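**Student:** One structure coming up, written as structure tokens, with questions to follow.
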Amino acid sequence: DEYIGERGVGSVLNNHYLWKAADYRREVIRMQQTALKYNRPPVIWGLDSVHGANYVLDAVVTPQPINLASSFNKSLAFEAGMLASRDTRRAGIPWLFSPLLGLSWNPFWSRVYETFGEDPLLVGDMAASMIKGIQLSNNDLDSEGLLPSLAAASAKHFLGYSNPHNGHDRAPSSIPMRHLYQHFMLPWRKALLE
């Protein structure tokens, strides 16, 4: 009531509790009822589902993107996206923070395992395949009618984020403009326009 109703919070990211899909669905319904009670817009909830819906206790966890990329197999990225989408939607949440489109050029960066590696072309190809898997309408997988019909992929994080000058997460990057356009932008173009 306080956060959604009185303060008007309109979105939620992740969760600090280990809940099963049914627990998430119950909370999603409760949040929407609170928003309705206070005449607020519907609340949107997103989960980091980079390697499966790892915030959902009964979900399938897939390999990290760096491992998927080492296979050079785009169909594996597609399948991983489809599984993450299915299990996140089973939790009543149709918004996935995935995939990460950064290039792992700085080996000290703490999120290298979330990337598809250092090659802009490979990162773009794998990410585009994962996005297709995430956003696939696969209603036939849900015989009980519990899944929202579609999910939305939300590419992470932003252009140049993956190359911090000191290797720390959420630290400034210093990237020459030519490298930004020639290398770092390519995965975003491939993933978002394909």
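**Student:** Given (1) farther than 13 Å from Gly133 by Cα; (2) assigned to a helix (DSSP H, G or I), identify the lone condition not met by Leu83.
**Tutor:** (1)
**Student:** Specify the residue that is farthest from Glu79 (Cα to Cα); the eligible residues are those in segment 1-19 that are in a helix (DSSP H, G or I) and either basic (Lys, Arg) or open to solvent by 90 Å² or more (accessible area, probe 1.4 Å) (or both). Write out each step before concluding.
**Tutor:** Restricting attention to segment 1-19, the residues satisfying the condition of being in a helix (DSSP H, G or I) are 2-6.
Narrowing further to those that are either basic (Lys, Arg) or open to solvent by 90 Å² or more (accessible area, probe 1.4 Å) (or both): 3, 6.
Details: Tyr3: 37, Glu6: 41 Å.
Going through the qualifying residues, I end up with Glu6.
**Student:** Looking at segment 178-187, can you tell me whether even one residue there is surrounded by fewer than 18 Cβ atoms within 10 Å (Cβ to Cβ), part of a helix (DSSP H, G or I) and basic (Lys, Arg)? First the steps, then the outcome.
**Tutor:** First, pick out the residues of segment 178-187 that are surrounded by fewer than 18 Cβ atoms within 10 Å (Cβ to Cβ): 178-182, 185-186.
From what's left, part of a helix (DSSP H, G or I): 178-182, 185-186.
Going one step further and asking which of them are basic (Lys, Arg), we end up with 178.
The answer is yes, given that some residue of segment 178-187 is surrounded by fewer than 18 Cβ atoms within 10 Å (Cβ to Cβ), part of a helix (DSSP H, G or I) and basic (Lys, Arg).
**Student:** Moving on to the next point. Within segment 20-42, can you find the residues that are touching a helix residue (DSSP H, G or I) at 6+ places or on another chain (Cβ under 7 Å) and either under 17 Å from Ala152 (Cα atoms) or part of a helix (DSSP H, G or I) (or both)? Walk me through it before giving the result.
**Tutor:** The initial filter retains those residues of segment 20-42 that are touching a helix residue (DSSP H, G or I) at 6+ places or on another chain (Cβ under 7 Å), namely 21, 31, 34-35, 37-38, 40-42.
Residues satisfying the conditions are Ala21, Met31, Thr34, Ala35, Lys37, Pro42.
**Student:** I'd like to check something: does segment 98-119 contain any residue that is assigned to a loop (DSSP other than H, G, I, E, B), in contact with a Phe, Trp or Tyr (Cβ under 7 Å, 6 or more places away or on another chain) and without any contact (Cβ under 8 Å) to a residue 60 or more places away in the chain?
**Tutor:** yes
**Student:** In addition: Being part of a helix (DSSP H, G or I), under 20 Å from Asp87 (Cβ atoms) and either open to solvent by less than 10 Å² (accessible area, probe 1.4 Å) or among the aliphatic types (A, V, I, L, M) (or both) is the filter here; which residues of segment 120-136 pass it?
**Tutor:** Met126, Ala127, Met130, Ile131, Gly133, Ile134
**Student:** Identify, from the list His157, His165, the residue that is surrounded by fewer than 19 Cβ atoms within 10 Å (Cβ to Cβ), more than 20 Å from Phe72 (Cβ to Cβ) and over 15 Å from the mean Cα position of the chain (by Cα).
**Tutor:** Details: His157 fails: over 15 Å from the mean Cα position of the chain (by Cα).
When all the criteria are applied, what remains is His165.
**Student:** Provide a single number: the residues in segment 78-92 that are open to solvent by less than 10 Å² (accessible area, probe 1.4 Å) and in contact with a Lys or Arg (Cβ under 9 Å, 6 or more places away or on another chain).
**Tutor:** 2
**Student:** Cβ-Cβ under 6 Å, sequence separation 6+ or interchain: first residue in segment 157-178 and within 15 Å of Phe116 (Cα to Cα), partner assigned to a loop (DSSP other than H, G, I, E, B). Which pairs?
**Tutor:** Close Cβ pairs satisfying both conditions: Gly160/Ile175; Tyr161/Gly102; Ser162/Gly102; Ser162/Leu103; Asn163/Trp105; Asn163/Asn106; Asn163/Ile175.
**Student:** With the requirement that a residue be assigned to a loop (DSSP other than H, G, I, E, B) and in contact (Cβ under 8 Å) with a residue 24 or more places away in the chain, what does segment 43-65 give you?
**Tutor:** Just the residues of segment 43-65 that are assigned to a loop (DSSP other than H, G, I, E, B), to begin with: 43, 49, 51, 53-55, 57-60, 62-64.
Val43, Ser49, His51, Ala53, Tyr55, Leu57, Asp58, Ala59, Val60, Gln64 - these are the residues of segment 43-65 that are assigned to a loop (DSSP other than H, G, I, E, B) and in contact (Cβ under 8 Å) with a residue 24 or more places away in the chain.
**Student:** Could you check how many residues of segment 101-126 are touching a His at 6+ places or on another chain (Cβ under 7 Å) and closer than 30 Å to Asp23 by Cα?
**Tutor:** Counting residues in segment 101-126 that are touching a His at 6+ places or on another chain (Cβ under 7 Å) and closer than 30 Å to Asp23 by Cα gives 0.
**Student:** Only residues that are at pLDDT 90 or above and not hydrophobic (A, V, I, L, M, F, W, C): list them for segment 174-194, please. Spell out the reasoning first.
**Tutor:** Start the filter on segment 174-194 by keeping residues that are at pLDDT 90 or above, which leaves 175-190.
Answer for segment 174-194, where residues must be at pLDDT 90 or above and not hydrophobic (A, V, I, L, M, F, W, C): Pro176, Arg178, His179, Tyr181, Gln182, His183, Pro187, Arg189, Lys190.
**Student:** Hey, can you tell me all the residues within segment 20-31 that are touching a residue at least 60 places away in the same chain (Cβ under 8 Å) and either surrounded by fewer than 12 Cβ atoms within 10 Å (Cβ to Cβ) or among the hydrophobic types (A, V, I, L, M, F, W, C) (or both)?
**Tutor:** Within segment 20-31, Ala21, Val28, Ile29 meet the criteria.
**Student:** Is it fair to say Leu68 is part of a helix (DSSP H, G or I), open to solvent by less than 50 Å² (accessible area, probe 1.4 Å) and touching a Phe, Trp or Tyr at 6+ places or on another chain (Cβ under 8 Å)?
**Tutor:** On the way: part of a helix (DSSP H, G or I): yes; open to solvent by less than 50 Å² (accessible area, probe 1.4 Å): yes; touching a Phe, Trp or Tyr at 6+ places or on another chain (Cβ under 8 Å): yes.
Yes; evaluated as a whole, the condition is true for this residue.
The values are calculated or read from the model by the stated rules, or taken from the named source; none is laboratory data. Keep in mind the model is a prediction, meaning the values are calculated, not measured. As a convention, Cβ positions derive from the backbone with ideal geometry for all residues, glycine included, and neighbour counts pool all protein chains shown. Areas reflect the complete protein model, heavy atoms only, side chains present, ligands, DNA and RNA absent. Shrake-Rupley method; radii C 1.70, N 1.55, O 1.52, S 1.80 Å.
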